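The values are calculated or read from the model by the stated rules, or taken from the named source; none is laboratory data. Just so we're clear, the structure is a prediction, and the values are computed from it rather than from any experiment. Ideal geometry is used to build each Cβ from the backbone, glycine not excepted, and the neighbour counts take in all protein chains shown. Heads up: the accessible areas ignore ligands, DNA and RNA and are worked out on the full protein's heavy atoms, side chains in. Shrake-Rupley method; radii C 1.70, N 1.55, O 1.52, S 1.80 Å.
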Amino acid sequence: MCDGKIGLRQQNPLVMTGLKSYENSTGQPPRKASAFVTGLVFLLFLILSEQTMRFVFYQMKDLHPILDDETNRFILARHIGIDFLSCLIVAVLGWNARAIAWDMVAAATFGSESAMNPAGFEQRMFTYHPACFRIALVFFVFQVKNLYDTIVWNDGPEFIFHHLASMLASYGALYPSFAHFYGIFYLGFSEISTAVLCVLANFDDEHGVVGLGDAFPMTKVIVGAAFVMLFILCRTIMWPIATFYFMRDANLALKGSGPRLDACKNWMKLFMFCLTGLSILQVLWLGQIFIIAKKEFQSLGLL
């Protein structure tokens, strides 16, 4: 919570697991030592997951010629053991905490005028939610690993920007810890579309396994169709709605004063900048999705 007070804080365990371990009686985030150790444990878990998937695909190498290539196995292990798993975890955690952000859904879906009343911006922007802190911590660690992998695998500058912006946004959700109401969506259940994308990425000849799409064309189409539907739902429909409410609440907060705002003001402006950049990327990626989808359907004779 952005209240400018970090001295008096109930100590959370060094390794936080269940949601209760993220709670405290002060309404403030856990101490940084707990977040660091817990994050390190999750990072080790991701590394172990990747190595496990490498071992699994090595054992399966005789099932298909594509798996006989070590690079192909490493790419599959990365996209499934790291990317898909991480996105699935935060999506599930976000969905489990959806009640926190349900007012936004009610306002957008059912037209409830009172659900997202501007007068309630302080509660939405400054209330500490343990569920969101846990999501943000998992998301931040995933982006650290993701940034490293993006550089190693030379994914491209747009992905580096995306991961850096995502890291900054998720760290701000941790410390000074604010906008948790919106973090449930942005860092949580909106990532379900990204989870499917991580599976689809395996079929891409540039960022995935060369020839996998040709070997399993219908599987690629099915996964691609699932991704397009989820992307449109989460990133084309829900994302602009959440962004509208966040920008409105952030502007209202910046017009005020007090210790809570002082502790978060610069972070809030950074959030708005990162969110603008990420929103532009959503539009660019949507265009790419339709271009690629058209080519894939044409290659299969479906268009």
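Under 25 Å from the Cα of Lys265, which lysines turn up, not counting those fewer than eight places away in the same chain? Partners found: Lys5, Lys32, Lys255. Projected onto its three principal axes, the C-alpha set of the range 118-201 covers 45, 24, 21 Å, listed from the longest axis down.
May I ask for the net charge around Ser49, where only other residues with Cβ less than 12 Å from the Cβ of Ser49 are counted and Lys, Arg are +1 while Asp, Glu are -1? Neighbourhood net charge equals +1.
How high is the FRET efficiency from Val283 to Asp62, r the C-beta distance, R0 45 Å, rounded to 0.05? Calculated transfer efficiency: 0.55. Heavy-atom accessible surface of the range 1-149, averaged per residue, reaches 51 Å², computed with a 1.4 Å probe.
Against the chain, whose longest principal axis is taken from its Cα atoms, helix 32-59 shows a tilt of about 10°. Three principal axis extents describe the C-alpha atoms of the chain; from largest down they are 62, 43, 31 Å. The 3J(HN,Hα) values that the Karplus relation (6.51, -1.76, 1.60; θ = phi - 60°) gives for the range 169-186 are, in residue order, 5, 6, 5, x, 5, 7, 9, x, 6, 8, 6, 5, 3, 7, x, 4, 7, 4 Hz. Gly and Pro appear as x. Shape verdict for the range 58-98, please, from the Cα gyration tensor: rounded (a/c under 1.5), prolate (a/b greater than b/c) or oblate. Prolate. Between Phe290 and Leu19, the distance separating the two model label sites (each 7 Å from Cα on the Cα→Cβ line) works out to 3.9 nm.
Counted by Cβ distance under 13 Å from Tyr245, the other residues give a net charge of 0, where Lys and Arg count +1 and Asp and Glu count -1.
Taking the Cα atoms of the range 22-166, the ratio Rg/Rh between the radius of gyration and the Kirkwood radius comes to 1.09. A Gaussian network model of the chain, with springs between Cα atoms under 10 Å, assigns the largest mean-square fluctuation among Tyr182, Tyr148, Tyr22 to Tyr148. GNM remark for the chain: springs join alpha carbons under 10 Å apart, and the peak mean-square fluctuation among Pro217, Pro130, Pro176 falls on Pro217. Using θ = phi - 60° in the Karplus curve 6.51 cos²θ - 1.76 cosθ + 1.60, the 3J(HN,Hα) couplings for the range 270-282 round to 5, 4, 5, 5, 4, 5, 4, x, 5, 5, 5, 4, 4 Hz; x is entered for Gly and Pro. For Lys220, a cut-off of 22 angstrom between C-alpha atoms picks up these lysines, skipping any fewer than 8 places away in its own chain: Lys61, Lys294, Lys295. For Asp204, the residues 5 or more places off, or on other chains, whose built amide H falls under 5 Å of its own are Val209. Partners of Lys269 within straight-line reach, counting aspartates and glutamates whose Cα lies under 19 Å from its Cα and excluding those fewer than 8 residues away in the same chain: Asp3, Glu122, Asp249. The accessible-area ordering, largest first, of the residues Phe55, Phe142 stands as Phe55, Phe142, per a 1.4 angstrom probe. Only DSSP H runs of four or more residues enter the estimate; each adds -39500 (n - 2.57), and after division by the residues of the chain the mean residue ellipticity at 222 nm equals -21000 deg cm²/dmol.
Split the accessible area of the range 11-168 by element, probe 1.4 Å, and carbon with sulfur accounts for 65%.
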